[in-house]
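Step one of this worksheet: look at the structure below.
The values are calculated or read from the model by the stated rules, or taken from the named source; none is laboratory data. All figures in this text were calculated on a predicted structure; none of them were measured in a lab. Reconstructed Cβ throughout: ideal geometry from the backbone, glycine too, with neighbour counts over all protein chains shown.
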Amino acid sequence: MKTIYVDNAATTKMSKAAISAMMPYFEEIYGNPSSLHTVGQIAKEALVKARMDVAEALGADVKEIYFTSGGSEADNQALLTAAELGERKGKKHIISQKTEHHAILHALNKLEKRGFEVTLLDVDGDGLVTAEQVKNAIREDTVMVTIMTANNEIGTIMPVKEIAAVCREKGVLFHTDAVQAVGHIHIDVKEMGCDMLSLSAHKFHGPKGVGVLYVRKGLFPSTLIEGGAQERGRRAGTENIAGICGMAAAIKEAVSKIDENAEKLTKMRDRLIEGLGEIPHSILNGSRTSRLPGNVNMCFEGIEGESLLLYLDAKGICASSGSACTSGSLDPSHVLLAIGRPHEIAHGSLRLSLCEENTMEDMEFIIQSVKEVVERLRSMSPIWQDLQEGKRNYVIQR
Amino acid sequence: MLYSDKVMDHFTNPRNVGTIENADGVGEVGNAKCGDIMKIFLKIDDGIITDVKFSTFGCGSAIASSSMATEMIKGKPVSQALELTNKAVVEALDGLPAHKIHCSVLAEEAVKAAVKDYYDKNGIEYDPEMFAQKHDCEHCG
């Protein structure tokens with residue numbers, strides 16, 4: 001049975017380029033970049049080169065790149081940086097929005113316990129916030145706004161450039177979690193105008209356990225991890241050289257093929273949206289237009305997401321859902337609830353996140369399979385029976 | 001794997017799926033908001049469960065628990081069905097992950113709710129304590 005992997009928002013398969021870029025750093029170039037001897041210095045050269053590649057891919061300066069263990073660490077460090085700056089200036093208000101990743105939301109909860117006030121903006125039905133909303137929420141004591149570039153579940157791309165402009169005008173820091181966006185849509189930190197940006201290598205065919213916090217010149221990140229003077233004293237710990245080199249190769253490749261890949265993914269994405277949209281009482285989650293090229297997220301009324309995933313897995317299709325059973329809590333996805341889906345509908349969600357290795361034939365197989373599985377689950381669902389018999393009203397009208 | 005082979009078997013090939021027209025007892029438990037609803041239909045002749053069907057909205061373990069519970073009570077006297085515990089369902093399934101145990105509780109309760117409905121319809125007296133809800137859920141509450 002062929003495996004069709006369409007869970008690339010969770011993680012991606014590493015690219016050949018990333019793997020071969022990493023290999024020398026396990027056996028041949030194993031030195032510690034902090035060591036003065038030749039073996040260490042060769043490793044240091046690799047680190048310098050990788051930093052240049054990453055900086056170039058983002059339109060940043062090499063001194064603005066801080067390597068981290070991934071997106072979550074970068075997000076936490078960005079928030080701590082703003083918080084410590086705010087504490088010094090007596091500004092203890094932070095603005096974010098409801099569909100952020102938990103790396104942001106949970107770190108914000110922690111800051112609330114530390115005396116910060118957090119405003120979480122509502123999103124519209126497409127999962128969008130506007131620069132106007134941000135502008136209206138900014139106060140005298142606002143130190144930072146953090147809004148993701150693109151949502152990990154529903155793929156909605158936020159108007160980050162406009163939001164950054166509002167923040168700049170008001171003298172408020174702007175951070176963006178661009179974990180789902182980097183390598184998939186054009187990102188230039190100068191053009192966007194963000195002060196800080198987080199990314200994670202394994203979302204664009206790089207290795208897991210490595211990421212970046214971009215921090216613009218003139219702003220100094222607070223330390224999450226104390227220790228040695230790595231990353232200009234802002235992030236202690238011997239560098240994950242292999243991972244960093246793998247990430248550099250992956251970002252270089254992703255950025256060089258960004259338009260070509262986006263075009264291919266958009267075609268497949270649109271075919272899925274069209275094909276799955278034929279299922280009665282289904283609805284697309286997220287914006288139809290301001291959307292990541294590889295993201296499809298739909299709700300199907302009357303069924304539950306985990307059983308949908310398991311039946312699809314039995315057909316070789318690897319996907320994801322925002323149901324409570326898959327989120328590990330009682331409640332379904334906070335993102336689906338934020339865009340207004342009621343609980344019972346949010347339980348029946350399916351996320352398909354594509355990559356350039358998928359094919360149009362895969363899409364046809366997925367459409368056929370999802371149709372069959374939804375029908376099968378509906379045939380054994382008491383909710384569906386009630387809906388059909390008119391004992392319960394449809395939430396999704398068509 | 002998240003689930004045992006037994007769970008996957010009962011999920012992939014669920015037994016006794018469907019409904020029974022003019023069932024002697026019907027029990028529905030759970031809540032759409034929580035993501036699982038189980039409905040069990042009983043056909044009872046002379047105190048024996050001669051047929052049983054279920055329909056379930058829920059995750060893999062909810063469907064597997066329903067399937068297993070129906071298998072365990074089929075052909076049994078009603079009194080024996082009332083003795084079905086969620087623990088027995090879990091054991092028969094070779095275990096469930098800790099956060100899925102509530103699915104087996106729902107299965108036990110669905111069976112009991114169906115029996116209660118049968119008792120109510122036929123004016124059979126019973127101790128209401130027997131049908132006290134076991135699972136606690138802030139949504140279903």
Reported set for the stretch A:359-378 where residues are crowded, with 22+ Cβ neighbours inside 10 Å and either more than 22 Å from residue B:37 (Cα to Cα) or within 13 Å of chain B (Cβ to nearest Cβ) (or both) is A:363, A:366, A:373, A:374, A:377, A:378
Given the structure, is residue A:204 crowded, with 22+ Cβ neighbours inside 10 Å, at pLDDT 95 or above, under 21 Å from residue A:353 (Cβ atoms) and among the aromatic types (Phe, Trp, Tyr)?
-> yes
Inspect all residues belonging to the stretch B:106-120 and state whether any of them is surrounded by fewer than 24 Cβ atoms within 10 Å (Cβ to Cβ), of a type in the set (Lys, Arg) and not in a strand (DSSP E or B).
-> yes
Would you be able to tell me the number of residues in the stretch A:305-330 that are modelled with pLDDT under 95 and in a loop (DSSP other than H, G, I, E, B)?
-> 6
Within the set of pairs 6+ apart or on separate chains, which have a first residue in the stretch B:69-83 that is among the hydrophobic types (A, V, I, L, M, F, W, C), a second that is assigned to a loop (DSSP other than H, G, I, E, B), and C-beta atoms under 7 Å apart?
-> B:69/B:84; B:72/B:84; B:73/B:84; B:78/B:47
Top-ranked residue in the stretch B:80-103 [being in a helix (DSSP H, G or I), within 14 Å of chain A (Cβ to nearest Cβ) and not charged (D, E, K, R); ranked as surrounded by the most Cβ atoms within 10 Å (Cβ to Cβ)] | B:103
Condition met for residue A:301 (under 27 Å from residue A:201 (Cα atoms), of a type outside the set (Phe, Trp, Tyr) and more than 18 Å from the chain's Cα centre (by Cα)) | no
Quick one: which of A:350, A:387 is part of a helix (DSSP H, G or I) and not acidic (Asp, Glu)?
-> A:387
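Conditions tested, residue by residue: (1) surrounded by 19 or more Cβ atoms within 10 Å (Cβ to Cβ); (2) charged (D, E, K, R); (3) modelled with pLDDT of 95 or more.
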{"site": "A:114", "(1), (2), (3)": "no, yes, yes"}
{"site": "A:128", "(1), (2), (3)": "yes, no, yes"}
{"site": "A:139", "(1), (2), (3)": "no, yes, yes"}
{"site": "A:153", "(1), (2), (3)": "yes, yes, yes"}
{"site": "A:159", "(1), (2), (3)": "no, no, yes"}
{"site": "A:167", "(1), (2), (3)": "yes, no, yes"}
{"site": "A:177", "(1), (2), (3)": "yes, yes, yes"}
{"site": "A:186", "(1), (2), (3)": "no, no, yes"}
Residue satisfying condition, being in contact with a strand residue (DSSP E or B) (Cβ under 8 Å, 6 or more places away or on another chain), in the same structural domain as residue A:108 (by TED's automatic domain parsing) and outside any loop (DSSP other than H, G, I, E, B), within set A:73, A:56, A:45 | A:73
Among residues belonging to the stretch A:389-398 that are surrounded by 13 or more Cβ atoms within 10 Å (Cβ to Cβ) and away from chain B (no Cβ under 12 Å), point out the one that is nearest to residue A:308 (Cα to Cα).
-> A:396
Filter the stretch A:320-337 for residues that are surrounded by fewer than 22 Cβ atoms within 10 Å (Cβ to Cβ) and among the aliphatic types (A, V, I, L, M); the one that is nearest to the other protein chains (Cβ to nearest Cβ) is A:330
Quick one: which residue in A:312, A:354 is within 14 Å of chain B (Cβ to nearest Cβ) and either surrounded by 22 or more Cβ atoms within 10 Å (Cβ to Cβ) or not aromatic (Phe, Trp, Tyr) (or both)?
-> A:312
Could you grab the pairs with beta carbons closer than 6 Å, sequence gap of 6+ or different chains, first residue in the stretch B:1-21 and touching a residue at least 12 places away in the same chain (Cβ under 8 Å), second one loosely packed, with under 14 Cβ neighbours inside 10 Å?
-> B:4/B:94; B:6/B:94
What pairs come up if the first residue lies in the stretch B:24-40 and is within 15 Å of residue A:385 (Cα to Cα), the second is buried (at least 22 other Cβ atoms within 10 Å of the Cβ) and among the polar types (S, T, N, Q), and their beta carbons are under 6 Å apart, counting only those six or more places apart or on different chains?
-> B:38/B:56; B:38/B:66; B:39/B:55
Filter result for residue A:23 (at pLDDT 95 or above and either surrounded by 18 or more Cβ atoms within 10 Å (Cβ to Cβ) or within 22 Å of the chain's Cα centre (by Cα) (or both)) | no
Does residue A:193 count as of a type in the set (Gly, Ala, Ser), without any contact (Cβ under 8 Å) to a residue 60 or more places away in the chain and out of contact with any helix residue (DSSP H, G or I) (no Cβ under 6 Å at 6 or more places or on another chain)?
-> no
For the stretch A:13-37, pairs from a residue that is in the same structural domain as residue A:47 (by TED's automatic domain parsing) to a residue that is of a type in the set (Lys, Arg), with Cβ under 7 Å and 6 or more apart or across chains, are A:33/A:44
Go through the stretch B:1-63 and tell me which strands (runs of 3 or more DSSP E), entirely inside it, have 1 or more residues that are touching a Leu at 6+ places or on another chain (Cβ under 9 Å) and at the interface with another protein chain (Cβ under 8 Å from one of its Cβ atoms).
-> B:36-45, B:48-57
